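Please read the structure below before turning to the comments.
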Amino acid sequence: MKRRVLQVILLIIYVGLLGFFTYQCLQTGTQSTTSSNVVGNVVADTIEITTPIQIDRNEQYFLLIRKLIGHYGFFAILGAISFMFYHSIIEIKLSYRLSLHFAIGFIYAMISEFLLEASADGRGPSFGDVMIDYSGFLTSSLFFVIALVIFQIKKRKTN
């Protein structure tokens, strides 16, 4: 029963993230730039308040924030939730769950760039962005895969 509740919660979060990311992809270029600039200013303000570092808030800085948080970061979060969701479905063989997880992550990265962003005014698709997206997805996913392997090794040693 607890596993089913967890699966439903993870599924709701997973679908919610996909919906949120889809909405973000459909923003116009102007809307996307404005959102990125707000996030970039929050990051710069936080760094400047907590450290002696001063941020040069130029176009390159905001591009870095857009790629690091808007692409890599969003997909890192998606990868973590996706992994937890597929891992919770114990009725399916682990290799199938992992294959599905990694395939869906890449497919969604392609869809978000080449279908969604390509259809938004002032935005265009970029295979480089797909690779940034999927890199974030892979990073968090591999963290969980490594943790799973370590957990299984420790479990075998105690049995």
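The values are calculated or read from the model by the stated rules, or taken from the named source; none is laboratory data. Just so it is clear, the structure is predicted and the values come from calculations on it, not from any experiment. All Cβ positions, even for glycine, are placed from backbone atoms using ideal geometry, and neighbour counts span all protein chains on display. Keep in mind that these areas ignore ligands, DNA and RNA; they rest on the heavy atoms of the full protein, side chains included. Shrake-Rupley method; radii C 1.70, N 1.55, O 1.52, S 1.80 Å.
Annotations
- Residue among Thr51, Thr22, Thr34 with the largest mean-square fluctuation in a Gaussian network model of the chain, springs linking Cα atoms under 10 Å: Thr51
- Residue separation of Asn159 and Val15 scaled by 0.36 nm, minus their Cα-Cα distance, works out to 48.1 nm of gained length.
- Between Ala118 and Leu68, the simple label model (points 7 Å from Cα in the Cβ direction) yields a spacing of 3.0 nm.
- Across the range 1-144, Cα pairs under 8 Å and at least six residues apart give a relative contact order of 34 percent.
- For Arg123, distant residues with modelled amide H under 5 Å away: Gly29
- Whole-Hz couplings from phi, Karplus 6.51/-1.76/1.60, listed for the range 76-83; x for Gly and Pro: 5, 5, 4, x, 5, 5, 4, 4
- Taken over the alpha carbons of the range 1-40 as equal point scatterers, the Debye sum produces base-10 log I(q)/I(0) values at 0.35 Å⁻¹ of -1.00.
- Most fluctuating residue given options Gly128, Gly136, Gly73, as computed from a GNM of the chain linking Cα atoms under 10 Å: Gly128
- Accessible area of the range 1-135 divided out per residue, in Å², using a probe of 1.4 angstrom: 58 Å²
- Our helix-only sum for the chain, with -39,500 (n - 2.57) per DSSP H run of n ≥ 4 divided by its residues, gives a mean residue ellipticity at 222 nm of -25000 deg cm²/dmol.
- Charged side chains reduced to their Cβ positions (Lys and Arg at +1, Asp and Glu at -1) give the chain a dipole of some 1260 debye around its Cα centre.
- Computed accessible area, Phe21, all protein chains, 1.4 angstrom probe, square angstrom: 10 Å²
- Carbon-plus-sulfur accessible fraction, the chain (probe radius 1.4 Å, protein heavy atoms only): 71%.
- For the pair the range 73-94 / the range 120-138, the C-alpha centres are spaced 20 Å from each other.
- Note on the chain: GNM, Cα springs under 10 Å; of Leu94, Leu18, Leu68, the largest mean-square fluctuation is that of Leu94.
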